[in-house]
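The values are calculated or read from the model by the stated rules, or taken from the named source; none is laboratory data. All values reported here derive from a predicted model rather than from experimental measurement. With ideal geometry, Cβ positions are generated from the backbone for all residues, glycine too; neighbour counts draw on all protein chains shown.
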Amino acid sequence: MSATRSLRATIAASVVAALVAAPESSADELHLKDGTVIHGLLEEETRSGYSFAEVGEKRAKSHRRKDVARVVLTFELPAFVSNDPQWSQEMVDGRTVGYFEKIEDLEVLRSDHYIVFTDSSAGKKYLETMEDIYDRFKKVFPFEERQGAPLMPVFLFKTNDGYYNYYQLIARVTRASAAQSAGHAWRDYYATYYQSPKDPVNYHEGAHQLVANRMNMRGGGSWFQEGMAVYFEGTVFPGEDPAKGIKGIIKSGGYTPLPEFVKLPSLLYSSDTTQSSSLAHNRYQQAGAFIKFLKEGPHDDKWPAFLQALRDGKPPHAVFEEVYGMTIQAMDAAFVEYYS
């Protein structure tokens, strides 16, 4: 998600409950530094840690960041998220009742790849925007859509208050936290409130949704997930090109060396200092620039193998050595040299 416009999204309480009822389904993993591995669903990531719903437990528990070694997200959505590609009325009700203030004002719109739930009159425009995002994304990151892939849900609220209410309910966050967000994508959905359908935030979050639900890449680390969204956003809006300014970031000392960078559990919550907003901005831009380096730079022919290695769950240092024949330190030096 955009560091300046939105916060990392979290999963719906209804889906958490579904996992508890179906523990055989795919699950996220929380690896603690004492060796414990907890299976369940990541609900919320904060500056201090994680809220994680463990399989079989009714309530999520908080885990301090300093106690967590790593977080592993499922690479594909659990089957219980959607078992009807076109969304039956029962599925629609399950995801909308209780989240829209006036359910009688709810409009449900479908296209080839999306289903939009909205109490706004701009639903058709947003549906067109989402399909534009889909077409542009597929040209930048080609993928094959599997037969019977479920429509991707978009929750569009008429007012920011409606969206904040939704965010509070679905993510169990404070009103202040919800109000910092202009939109978020998590699991299968994207939620936002009406602004301009062509606002860059839609393309950034829309990219997150597609990386997870069409490229089937849910892991890789925050550097990868945010890098993909930042890079894609830059292909649509030239002013957002992450390559612009990265040379200055490197020169100014705002650059984070790659061995440290790929270990950050979150680019958004990567600093406790007063400069955290500026640092997060630099790191988002660095992530996008690194993806651009891998996709368009001197090793662009290895891009498909890079994606597959990440999809297989291999850690970054192993990916760089296997795919590029370079240590992570050598890859870091190549990246800095490329932009310098």
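Restricting attention to the stretch 325-340, report how many residues are assigned to a loop (DSSP other than H, G, I, E, B) and modelled with pLDDT of 95 or more. Give the derivation first.
Quick first cut of the stretch 325-340, residues assigned to a loop (DSSP other than H, G, I, E, B) only: 325-327, 340.
From what is left, the residues that are modelled with pLDDT of 95 or more are 325-327.
Number satisfying all stated conditions: 3.
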Answer yes or no as to whether Leu156 is buried (at least 23 other Cβ atoms within 10 Å of the Cβ) and either out of contact with any Leu (no Cβ under 6 Å at 6 or more places or on another chain) or more than 17 Å from Gln225 (Cβ to Cβ) (or both).
yes
Evaluate the following for Gln147: is it in the same structural domain as Val201 (by TED's automatic domain parsing) and closer than 17 Å to Asn202 by Cα?
no
Inspect the stretch 165-176 for any residue being buried (at least 24 other Cβ atoms within 10 Å of the Cβ), under 25 Å from Leu73 (Cβ atoms), of a type in the set (Ser, Thr, Tyr) and in contact (Cβ under 8 Å) with a residue 24 or more places away in the chain and give the result as yes or no.
yes
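Any idea which residue in the stretch 159-192 is farthest from Val230 (Cα to Cα), counting only those that are of a type in the set (Val, Ile, Thr) and under 17 Å from the mean Cα position of the chain (by Cα)? Working first, answer last.
Just the residues of the stretch 159-192 that are of a type in the set (Val, Ile, Thr), to begin with: 159, 170, 173-174, 192.
This time we only want the ones that are under 17 Å from the mean Cα position of the chain (by Cα), so: 170, 192.
Numbers: Ile170: 25, Thr192: 18 Å.
By that ranking, first place goes to Ile170.
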Quick check on my filter: what residues within the stretch 307-330 are closer than 22 Å to Val140 by Cβ and small (Gly, Ala, Ser)?
Ala309
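Among the helices (runs of 4 or more DSSP H) lying completely within the stretch 210-324, list those that include at least 2 residues that are acidic (Asp, Glu) and either touching a strand residue (DSSP E or B) at 6+ places or on another chain (Cβ under 7 Å) or closer than 25 Å to Leu30 by Cα (or both).
On the way: elements: 222-236, 246-252, 258-261, 276-296, 303-311, 316-319.
No helices (runs of 4 or more DSSP H) qualify here.
Among the residues that make up the stretch 93-113, is at least one of them of a type in the set (Gly, Ala, Ser) and at pLDDT 95 or above?
yes
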Report every pair of residues separated by at least 6 positions or lying on different chains whose Cβ atoms are under 7 Å apart, first residue within the stretch 150-162 and assigned by TED's automatic domain parsing to the domain that holds Thr96 and modelled with pLDDT of 95 or more, second in a strand (DSSP E or B) and small (Gly, Ala, Ser).
Phe155/Ala191
Might you check whether a residue that is of a type in the set (Lys, Arg) and over 19 Å from Glu337 (Cα atoms) occurs anywhere in the stretch 239-246?
no
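Suppose the filter is of a type in the set (Ser, Thr, Tyr), part of a loop (DSSP other than H, G, I, E, B) and either touching a strand residue (DSSP E or B) at 6+ places or on another chain (Cβ under 7 Å) or without any contact (Cβ under 8 Å) to a residue 24 or more places away in the chain (or both); does Ser196 pass it?
Working: of a type in the set (Ser, Thr, Tyr): yes; part of a loop (DSSP other than H, G, I, E, B): yes; either touching a strand residue (DSSP E or B) at 6+ places or on another chain (Cβ under 7 Å) or without any contact (Cβ under 8 Å) to a residue 24 or more places away in the chain (or both): yes.
Answer is yes for this residue.
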If I filter the stretch 95-108 for residues that are of a type in the set (A, V, I, L, M), within 27 Å of Lys292 (Cβ to Cβ) and in contact with a strand residue (DSSP E or B) (Cβ under 8 Å, 6 or more places away or on another chain), do I get at least one hit?
no
